[in-house]
Amino acid sequence: MHPIYFFIALIFAISFANLLIIFADSDAKIIYSSWMLIINSAIASALSIFAILKERHSIKKDKTAVYLTIGLIFYFLANIVWGYYELVLDIVSPVPSLADLFLMSAYGFLIFRLIVTYKNLDKVSNKNIIYIITIGTGLFLAYILNLTLSLTEISNFRGLMLFLVTITYPILNSVLTVLALTILLNLKNEKEMSIPWICELIGLLAIVIGDSWFAIIVLTAFVDQIWISAVLISAHYLLIAGGLIWYIRYSSNWNLDRLKFKNKFEGNNSFNKKVISGLVGGVLVFSVTLLFATNTIEFSDDGIGVLQANPDSNMDSLDSDNKDVKLIGAIVPKTGSLSSIGKPVIAALYMAEKEVNEYFQNINSSSRVKLILDDSKTSPQESLAAIKRLDSQGVKVVVGPATSTVVEAVKDYANENNMTLLSYASTSPILSIAGDNLFRLVPDDITQGKVMAEKMINDGMKVIVPFWRGDIYGNALENATTEHFEKLGGKVEEGINYSPYTGKFATSLHRINFIMWNQELKKLNEIVSEAVAEHGPNSVGVYTISYDEITPILIQAQLFDKLGKVRWYGSDSIAENHHITKNIDSSIFASQTHFANPLFSIYSDSVKLSEFERDLLESDHGSSITYPALAYDSFWIAAKSLDRYSDSTDSNRNNENITDFNQILTEVSESYEGITGSIDLNAAGDRTSDNYDFWYVTKDNTTQHYEWHKESNNSTTTHTVTH
């Protein structure tokens, strides 16, 4: 086979293997990236071992192939460790970690291999080009070092170690770059090109670019483009694997003294079809296996790629013949920056669907309900697409969306298309509009801001420094809290209003994400330091409004001395976030700063609530029951409202009146005694209540685990949630 055809086949295989990463949503990209790195490094390692065993008689003469194999094995082990932290434990890795040890060891063996190869070159030409490459690489390295130093806090041990580990990779990459390009430029001077060497050297350049991608991320703030790094590193392993397949196919020794094959290439050689079929087929098998192993891409009954059907749903087990099946949609943040509440909310909705159908069956009603789920991805654009999909399926009542930013994106569409929204978590007062199609089972943030301000004043706070996400939710809540705090005599500093990134990377525990947060946290630390100097640490508090990105924020905040010396306060979107208690660094910081977060109180002596909590915890979702309980009640209200409305109107769809339906929904809500207590709605359709609890992270002296602990706003009763 002519080399050009081989490279075309290899490029096709690399492109196909990375399609999962390229076309997946932002959350799935991280999962697929980890798996593809593990799989591809395993393939390269296995082929390298096979090649050594096949040509073991030449090992004594030339050991550079062994160095390649050892380096690939270390890469594979490093990817396993990273995947374990990221996919299994979902916790931040130590600095340095075992993965760093494996990666740096891999670099060492690969660099040594290239040095030996460089010394074996008969003649080094293109010296001027090599000098230019060396100078250019040195300048780039200097820039990376300066950029990293400017973004890193090195005043403590963890920050210093993070800086040292972070800059080690660019240094090693720079060495690889010069050596790889020098060898690559001199290959053309040999009488026969070595395909395996070309594959390896291009692969090394791919990993150099991939490892240096964070500089582009930092400069552009395109944080969701981190997946490009994974694609390049994944290509690195497949390039080496391709070169090894060529080598194994032709059973030729690498003559490293002259960088050429013993057998010359013949343009008319027919490449074994089994090799191409095996290469493409192997990638296909691994890709399909990965697809189903991770359960990330799922499909609804109509083929739309949304959430996986609930295996425990009993809708199909009920006799649906001659039944009046009513559709209830739900837009849930299964992925994105508020995905921590997604899984338990989905579980609660399926529980409600099952129980509502059993209720209708027990009273001999012909009514049945069917839940249709879609993922908001905590994104306004994705949520608008989701509500359009639900509308196309005939859904007219939607439980959700959860966040105010997303609700704002879909509410006009809902109003224009006679769809009613029942949000279980949206709280922005900007959305409190009488007469629209939005109902919310939680109070708006005017109440939360008042409760939060009173809490901080009672704790002795004279000054607060806000640190909040700049969206409709964060801005409105910060304004409400500021207004009430100042009315009570407190002072509010200008604070930091950060841009809320969408996608999983903004909440991830990737080291580059920590570096990104350093920019805002340095500014926050300066403001807090000035306030502490004037008022003392006991009178200054940090007030943060975040989603799941709060975990990397708390982890990285420990690097800044003053931030750990004052009290921290949060919002209802943070309370009981299980990611905080899963990570030891965020847990310690939250406990140290007495991190207090308000949450609308649903707790009562209700037997039904206790049963609901037990069933939810048995599902092992490890999160707050507040939003799942509110979603559960929302589904019941939607189902009962649809049932009552269908009894009072003609079945002809043209006679439906959304105003009449909304009036019925209001009546059902206020007469319904749910697991979250009685419901009173104001003129805007929002729940009226000032009953909030405050949640703290504390350490259990028995288990030595960190847990969320509830302190009632109006009493001393407590409730503990363990994660």
(request) Only residues in the range 565-577 that are buried (at least 24 other Cβ atoms within 10 Å of the Cβ) count as the first member; pair them with residues that are at pLDDT 95 or above and basic (Lys, Arg), Cβ under 9 angstrom, at least 6 apart or cross-chain, and list the lot. (result) TYR569/LYS455
(request) Can you confirm whether the range 85-93 contains a residue that is out of contact with any Lys or Arg (no Cβ under 9 Å at 6 or more places or on another chain) and surrounded by fewer than 17 Cβ atoms within 10 Å (Cβ to Cβ)? (result) yes
(request) Please specify each residue of the range 350-368 satisfying the condition of being in contact with an Asp or Glu (Cβ under 6 Å, 6 or more places away or on another chain) and assigned to a strand (DSSP E or B). (result) SER367
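Filter the range 480-496 down to residues that are among the acidic types (Asp, Glu) and at pLDDT 95 or above and give me whichever is surrounded by the most Cβ atoms within 10 Å (Cβ to Cβ).
Only one residue tops the list, namely GLU493.
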(request) Report whether or not ARG113 is basic (Lys, Arg), surrounded by 18 or more Cβ atoms within 10 Å (Cβ to Cβ) and either at pLDDT below 90 or closer than 26 Å to SER45 by Cβ (or both). (result) yes
(message) Criterion first (touching a Pro at 6+ places or on another chain (Cβ under 7 Å) and either of a type in the set (A, V, I, L, M, F, W, C) or in the same structural domain as LEU87 (by TED's automatic domain parsing) (or both)) does TRP568 satisfy it?
(response) no
(message) Can you pull out every residue in the range 443-473 that is over 27 Å from the mean Cα position of the chain (by Cα), not small (Gly, Ala, Ser) and not in a helix (DSSP H, G or I)?
(response) PRO443, ASP444, ASP459, MET461, LYS462, VAL463, ILE464, VAL465
(request) Could you please let me know if ILE80 is surrounded by fewer than 22 Cβ atoms within 10 Å (Cβ to Cβ), at pLDDT 80 or above and not assigned by TED's automatic domain parsing to the domain that holds ILE248? (result) no
(request) Would you check which residues across the range 56-90 are over 16 Å from TYR169 (Cβ atoms) and touching an Asp or Glu at 6+ places or on another chain (Cβ under 9 Å) and list them? (result) ASP62, ALA65, LEU68
(request) Inspect the range 12-26 for any residue being outside the structural domain of PHE74 (by TED's automatic domain parsing), in a helix (DSSP H, G or I) and in contact with a Lys or Arg (Cβ under 7 Å, 6 or more places away or on another chain) and give the result as yes or no. (result) yes
(request) Keeping to the range 371-393, report how many residues are of a type outside the set (Ser, Thr, Tyr), at pLDDT below 95 and part of a loop (DSSP other than H, G, I, E, B). (result) 1
(message) Tally up the residues in the range 151-166 that are at pLDDT below 85 and either surrounded by fewer than 16 Cβ atoms within 10 Å (Cβ to Cβ) or among the β-branched types (Val, Ile, Thr) (or both), please.
(response) 6
(request) Keeping to the range 520-540, report how many residues are closer than 29 Å to ALA425 by Cβ and surrounded by fewer than 20 Cβ atoms within 10 Å (Cβ to Cβ). (result) 1
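Check whether at least one residue in the range 71-92 is assigned to a helix (DSSP H, G or I) and under 17 Å from ILE183 (Cα atoms), and report yes or no.
Looking through the range 71-92, none of the residues is assigned to a helix (DSSP H, G or I) and under 17 Å from ILE183 (Cα atoms).
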(request) State whether the residues of the range 99-107 include one that is surrounded by 16 or more Cβ atoms within 10 Å (Cβ to Cβ), assigned by TED's automatic domain parsing to the domain that holds ILE171 and not in a helix (DSSP H, G or I). (result) no
(request) Name the residue, out of TYR543, TYR627, that is outside any helix (DSSP H, G or I), buried (at least 24 other Cβ atoms within 10 Å of the Cβ) and not hydrophobic (A, V, I, L, M, F, W, C). (result) TYR543
(message) Here is a check on your reading of the model: is SER125 in the same structural domain as PHE50 (by TED's automatic domain parsing), within 23 Å of MET36 (Cβ to Cβ), hydroxyl-bearing (Ser, Thr, Tyr) and part of a loop (DSSP other than H, G, I, E, B)?
(response) no
(request) Check the range 361-369 and report whether any residue there is surrounded by 20 or more Cβ atoms within 10 Å (Cβ to Cβ), of a type in the set (A, V, I, L, M, F, W, C) and either out of contact with any Phe, Trp or Tyr (no Cβ under 9 Å at 6 or more places or on another chain) or over 30 Å from GLU416 (Cα atoms) (or both). (result) no
(message) Please go through (1) of a type outside the set (D, E, K, R); (2) farther than 22 Å from GLN448 by Cβ; (3) modelled with pLDDT of 95 or more for VAL407 and return the number of the only condition it doesn't satisfy.
(response) (2)
(request) For the range 694-710, indicate whether the set of residues that are out of contact with any helix residue (DSSP H, G or I) (no Cβ under 6 Å at 6 or more places or on another chain), at pLDDT below 95 and either more than 21 Å from ASN583 (Cβ to Cβ) or in a helix (DSSP H, G or I) (or both) is non-empty. (result) no
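The values are calculated or read from the model by the stated rules, or taken from the named source; none is laboratory data. Here the structure is a predicted model, which means the values were calculated and not measured. Using ideal geometry, Cβ is built from the backbone for each residue, glycine included, and neighbour counts are taken over all protein chains shown.
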